[in-house]
Amino acid sequence: MTKRVVLAYSGGLDTSVAVRWMIEEWGVEVACVLVNVGQDGDSSENLADIKRRAMAAGAIDCVLVDARDEMAEEFCAPAIFANARYEGKYPLVSALSRPVIVRHLVDQARKFDAQAVAHGCTGKGNDQVRFEVGTHALAPDLEVLAPARNWGMTRADSVDYAEKWDIPIKATKEKIYSIDENLWGRAIECGAMEDPWVAPPDEPYTLTRVTNLEPVEMTVSFRGGLPVAVDGRESSLGDLIQELNSRAGATGFGRLDMVENRRVGIKSREVYECPAALAIIAAHADLEDLVLERDLHHEKARLESRWSELVYDGMWFSPLKEALDAFMADTQRHVTGDVRVRFEAPGLMRIVGRRSPVALYDYGLATYDAADTFRHADSEGFVKIYGLGVKTWAARQGAKNATPPAS
Ligand code: ARG
């Protein structure tokens, strides 16, 4: 029986070539699945073209899946809970979309009665890790194939290969940038930016071109840890993300330029534009400052970076990540309130106010004016006992830290 493979198809050069190459070299049948995670604003016309390309390459079918709301509600939402930013910066744009795609790949593999799934990643990146570890977490019986790790073709070879097989691709032999995008933002690498000293050119950015020089102020309302309204208008998380991408992006906010540590041991320079992700996380974290109890807040901060690392490393469907999700979700029960966010071109964002019906900020305790309700005398005993150990130690040492060492 001919082996059947379900390929995560993007419509680009590599995955189009992968269809034909797997048929020719491995003698398999290939079904494609194209998962829409918000990679394209004006999708419909485009998706039909992409499907035609897959069929021209020799696929037995090409299934289109609209996973935009799923991406927002099941993948961006937990990332908001965790204020997720890998290495303190990158909001995990690509890392969040891969488990969405994996879920549909496995689902389609079952529908097509396939024995394997495949992806178009090379051996140098994080995405191969995310596809393979993710697939095995959901379907330990499925094989994962990575034709681009085997074929040894350069980009120019792939273009020739597509021409030879009459696969209608738009790609040219020189491609300057490698771009991955979805609802949560865009990741851009290659070109002149492969030298980390070179300033990123303006050209590849699309979400963060300045078209509005006026300051923009908005109120983002959160309920149970998730943004639910902008300026009082409620919308789905997916729509709210899109609105922020366009309104914040128009003031130039949302760019990142970083050198990051890939899972496979390579340092890479990548630039990102993610206006909605960065604004939502900043507003959410600010609201948490107001409503989370101190110990819980500090412990959460430690676990946030672990959560981000796990997701970056392809461990979305892992027991530790799931356990951390339960912790994060529990912390979000009281993260309800409003945050005032101000954007100023080019690219500046500030949080200028926050309020919550469950704020732990207490005016009577915080104020220095006559409304002060804090019992100052209580502090005397507290501070004495708190510092007692250090005081005892210092007495034994002869207070040696009091005088600077003689030079
Ligand atoms: N470095 C990012 C990550 O590993 C993005 C990867 C895809 N980037 C790209 N420009 N194709 O999540």
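Please treat every number below as a calculation from the coordinates, not as lab data. As the structure is a prediction and not an experimental result, all values here were calculated from the model. Backbone-built Cβ (ideal geometry, glycine too); neighbour counts: all protein chains shown.
Give me the distance in nm between label points sitting 7 Å out from Cα along the Cα-to-Cβ direction at Lys173 and His136, one decimal.
Label-label distance for Lys173 and His136, simple model: 3.9 nm.
At a Cα cut-off below 27 Å, give the lysines reachable from Lys321, other chains included and same-chain residues fewer than 8 away excluded.
Output for Lys321: Lys89, Lys124, Lys267, Lys300.
Give the cross-link partners of Lys170 among the aspartates and glutamates, using a straight C-alpha distance below 20 Å as the criterion and excluding same-chain residues fewer than 8 apart.
Counting by Cα, and skipping residues close in sequence, Lys170 has these aspartates and glutamates nearby: Asp14, Asp40, Asp42, Glu45, Asp49, Asp157, Asp160, Asp180, Glu181, Glu189, Glu203.
Can you sort Trp197, Trp316 from fewest to most other Cβ atoms within 10 Å of each residue's own Cβ?
Numbers: Trp197 6, Trp316 25.
Ordered by Cβ neighbours within 10 Å, fewest first: Trp197, Trp316.
Which ³J(HN,Hα) values in Hz, rounded to whole numbers, follow from the phi angles of segment 95-110 under the Karplus curve 6.51 cos²θ - 1.76 cosθ + 1.60, where θ = phi - 60° and Gly and Pro get x?
3J(HN,Hα) across segment 95-110, in whole Hz: 4, 7, 7, 5, x, 5, 5, 4, 4, 6, 4, 5, 4, 6, 4, 5.
Using amide H atoms built 1.01 Å from N in the peptide plane, name the residues 5+ places from Ala114, or on other chains, whose amide H lies under 5 Å from its own.
Close amide H contacts, sequence-distant or interchain: none at all.
Order by neighbour count: Ile281, Ile101, fewest other Cβ atoms within 10 Å first, most last. Could the numbers behind the result be given before it?
Numbers: Ile281 18, Ile101 27.
Ascending number of Cβ neighbours within 10 Å: Ile281, Ile101.
Ranked by Cβ crowding within 10 angstrom, fewest neighbours first, how are His298, His119 ordered?
Working: His298 10, His119 27.
Taking fewest neighbouring Cβ atoms as first place, the list is His298, His119.
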